[in-house]
Amino acid sequence: MLWIDCPWCGPRPETEYRYGGEAHIARPDPAATDDAGWADYLFMRTNTKGVHAERWMHRDGCRRWFNVLRHTVSNEVLAVYPMGTPRPETPRLPGDGAEGA
Amino acid sequence: MTKFSIFSLARNALSHHERWPEQWRSPAPKPAYDVVIIGAGGHGLATAYYLAALHGITDVAVLEKGWLGGGNTGRNTTVIRSNYLWDESAALYEHSLKLWEGLAQELNYNLMFSQRGVLNLIHNVHDLQEATRRVNANRLNAVDAELLSTDEVKAFCPILNTAPTTRYPIMGGTLQRRGGNARHDAVAWGFARAADARGVDIIQNCEVTGIDVDGGRVTGVQTTQGAIAARKVGIVVAGHSSVLAAMAGFRLPIESHPLQALVSEPLKPVLHCVIMSNGVHVYVSQSDKGELVIGAGLDPPNSYGQRGGLHTIEDQMGALVELIPIFSRVRMMRSWAGIVDVCPDASPVIGKTPVDGLYINGGWGTGGFKATPGSGWVLAHTIATGEPHPLNAPFALDRFTSGTLIDEHAAAAVAH
Ligand SMILES: Cc1cc2nc3c(=O)[nH]c(=O)nc-3n(C[C@H](O)[C@H](O)[C@H](O)COP(=O)(O)OP(=O)(O)OC[C@H]3O[C@@H](n4cnc5c(N)ncnc54)[C@H](O)[C@@H]3O)c2cc1C
Ligand SMILES: [Zn+2]
């Protein structure tokens, strides 16, 4: 089970949270987006093997959303940061998707 | 290829089974092939087999980063059925089920294919409406399906607790009698042996690390055993589909998740069919060895870690004990996870990619074992002819742009 640090309530077990998938996916301007752009926004995912930026919600606690950087092989949580702020820098780890692992 | 028969078995018994030959070669990769298939799971091996057997294309290599059948093929709970809702899925999964029905003979390999029946339970009015609709849809598609009352469920599988006092009472069920199980490893081994016999090179411990593209056309792959040129390449890597797509420069509508399963200590025969419940979220069957084979839902966070949380297993065991109280005293032996590649509409992606000559077959998620022969069959057709077969045309990647999704969440709700 994952152990995630809620920015408001502190460390809590995974069973208290709801997972919200990949973070930082911006909704495109409907007037300026074609079908391919919508498909990209709605369905296409980076699905990183390595450090993944993702959303979590503390369902059984404060019910607030926040972002997490987690390594999708080791499950190590590397950063917790507020929604709407840019992805923090993290050290490159072995198995990071950027290596094409 | 040694032909397996009662005579070869008797002959080898006399030599204490020490003289069986290897079932496939372990060749070094050649510098170039007509077709390279990435991934030696059941789907990749079936693709290679049908390329050779049906299309006469034998200059084929199957590249596997680990050992063949060591991915989801060797980790799944082997439920086979074809009772999907939509016409497109019914056609594809039913084609596969028909191939299963003759496959052991065709491959001369005992797949332990057992059409013991798959029973899906109904627990509430919504389940009943959904199940009735699905049975009717199945019948229109010539897929066998029956709607059972609670009493008929009890008669078919007496160990189920059908008392009205349970938390989620059983209100009936749907039954596909032609559904069942097969031996997962044997499927990989049978296809590997038959493909090898037709000249296909199966190369294990050979991880693909890059896909070479020149002017929008695939030209080969980079591997841990060197560069291999190819006219056509198929990506058939299940949970790693997105990783391979990224090597070729495109994204997929896929997320990878751990899916766990577990088995009990072996018991005397107690469960003769497959029981599935979307409502309380668990499914169970009994292997020929006697173990209960139990599975349910995936772990929600994206992962490539091949393990999941114990709470997921606790949930499904709670559901199982509610359905079949006598299982409460059975000890569990092992649990494990595989990484499954899930599409938003719970249907696979089979066909062309944005790169010419590069094909993909993935996104089968929690339920691709049942489709192993059919999946290989349609991908072999697509690679051989350059165009999808009518059976897989609706499963093209561009359905996510056109919006013609094939939403099978109801028929695929329990991971299986
Ligand atoms: C616990 C569990 C239970 C399941 N239960 C069922 C069920 O009851 N019924 C059902 O129908 N389905 C079930 N499934 C789903 C089913 O197992 C899969 O959909 C199916 O096995 C996928 O087939 P495959 O051959 O593509 O996958 P795999 O057997 O995973 O093969 C893919 C292969 O690609 C290899 N590979 C990956 N990356 C590379 C690379 N870079 N280079 C070379 N090789 C690479 C992997 O090592 C692997 O061997 C279950 C899955 C799991 C995990
Ligand atoms: Zn909180």
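The values are calculated or read from the model by the stated rules, or taken from the named source; none is laboratory data. None of these values were measured; they are calculated from a predicted model. FYI the Cβ positions are ideal-geometry reconstructions off the backbone, even for glycines, and counts take in every protein chain you see.
May I ask you to say which residue of B:T166, B:T174 is assigned to a loop (DSSP other than H, G, I, E, B) and in contact (Cβ under 8 Å) with a residue 60 or more places away in the chain?
Numbers: B:T174 fails: assigned to a loop (DSSP other than H, G, I, E, B).
Of B:T166, B:T174, the one residue that is assigned to a loop (DSSP other than H, G, I, E, B) and in contact (Cβ under 8 Å) with a residue 60 or more places away in the chain is B:T166.
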### Task
Taking only the stretch A:9-62 into account, find how many residues are among the small types (G, A, S), closer than 20 Å to B:V243 by Cβ and facing another protein chain (nearest Cβ under 9 Å).
2
#### Entry: Identity of the residue in the stretch B:281-302, of a type in the set (G, A, S) and not in a strand (DSSP E or B), that ends up farthest from ligand 1 (Cβ to nearest atom)
B:G290
### Task
Mind listing whichever residues of the stretch B:249-280 are within 11 Å of chain A (Cβ to nearest Cβ) and either in a loop (DSSP other than H, G, I, E, B) or among the aliphatic types (A, V, I, L, M) (or both)?
B:F250, B:R251, B:L252, B:P253, B:I254
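Sort out which residues of the stretch B:153-165 are loosely packed, with under 15 Cβ neighbours inside 10 Å and either closer than 21 Å to B:Q129 by Cα or not hydroxyl-bearing (S, T, Y) (or both), and write them in order of number. Write out each step before concluding.
Restricting attention to the stretch B:153-165, the residues satisfying the condition of being loosely packed, with under 15 Cβ neighbours inside 10 Å are B:155, B:158-159, B:163-165.
Hits for the stretch B:153-165 are B:A155, B:P158, B:I159, B:A163, B:P164.
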#### Entry: Unmet requirement for B:E265, which otherwise passes all of (1) at pLDDT below 95; (2) surrounded by fewer than 19 Cβ atoms within 10 Å (Cβ to Cβ); (3) not hydroxyl-bearing (S, T, Y)
(1)
### Task
Name the single residue, out of those in the stretch B:388-402 being closer than 13 Å to B:P354 by Cβ, surrounded by fewer than 20 Cβ atoms within 10 Å (Cβ to Cβ) and over 21 Å from the mean Cα position of the chain (by Cα), that is nearest to the other protein chains (Cβ to nearest Cβ).
B:T401
### Task
Read through the list (1) more than 14 Å from chain A (Cβ to nearest Cβ); (2) closer than 30 Å to B:A145 by Cα, then give the number of the only condition that B:G363 fails.
(1)
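Going by the conditions given, is B:T382 without any contact (Cβ under 8 Å) to a residue 40 or more places away in the chain and either in contact with a Ser or Thr (Cβ under 9 Å, 6 or more places away or on another chain) or among the polar types (S, T, N, Q) (or both)?
On the way: without any contact (Cβ under 8 Å) to a residue 40 or more places away in the chain: yes; either in contact with a Ser or Thr (Cβ under 9 Å, 6 or more places away or on another chain) or among the polar types (S, T, N, Q) (or both): yes.
Against the criterion (without any contact (Cβ under 8 Å) to a residue 40 or more places away in the chain and either in contact with a Ser or Thr (Cβ under 9 Å, 6 or more places away or on another chain) or among the polar types (S, T, N, Q) (or both)), B:T382 qualifies.
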### Query
Can you name the number of the only condition in (1) away from chain A (no Cβ under 14 Å); (2) farther than 30 Å from B:Q115 by Cβ that B:S242 fails?
(1)
### Message
Could you go through the stretch A:53-72 and let me know if any residue there is under 16 Å from the mean Cα position of the chain (by Cα), within 16 Å of ligand 1 (Cβ to nearest atom), of a type outside the set (A, V, I, L, M, F, W, C) and within 24 Å of B:G239 (Cβ to Cβ).
### Response
yes
### Query
Is at least one residue of the stretch A:88-98 touching a strand residue (DSSP E or B) at 6+ places or on another chain (Cβ under 9 Å), closer than 27 Å to B:A238 by Cα, at pLDDT 95 or above and at the interface with chain B (Cβ under 8 Å from one of its Cβ atoms)?
no
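Just to be sure before I move on: is B:L107 surrounded by fewer than 18 Cβ atoms within 10 Å (Cβ to Cβ), more than 10 Å from ligand 1 (Cβ to nearest atom) and away from every other protein chain (no Cβ under 14 Å) in the structure I sent? Write out each step before concluding.
Details: surrounded by fewer than 18 Cβ atoms within 10 Å (Cβ to Cβ): no; more than 10 Å from ligand 1 (Cβ to nearest atom): yes; away from every other protein chain (no Cβ under 14 Å): yes.
Against the criterion (surrounded by fewer than 18 Cβ atoms within 10 Å (Cβ to Cβ), more than 10 Å from ligand 1 (Cβ to nearest atom) and away from every other protein chain (no Cβ under 14 Å)), B:L107 does not qualify.
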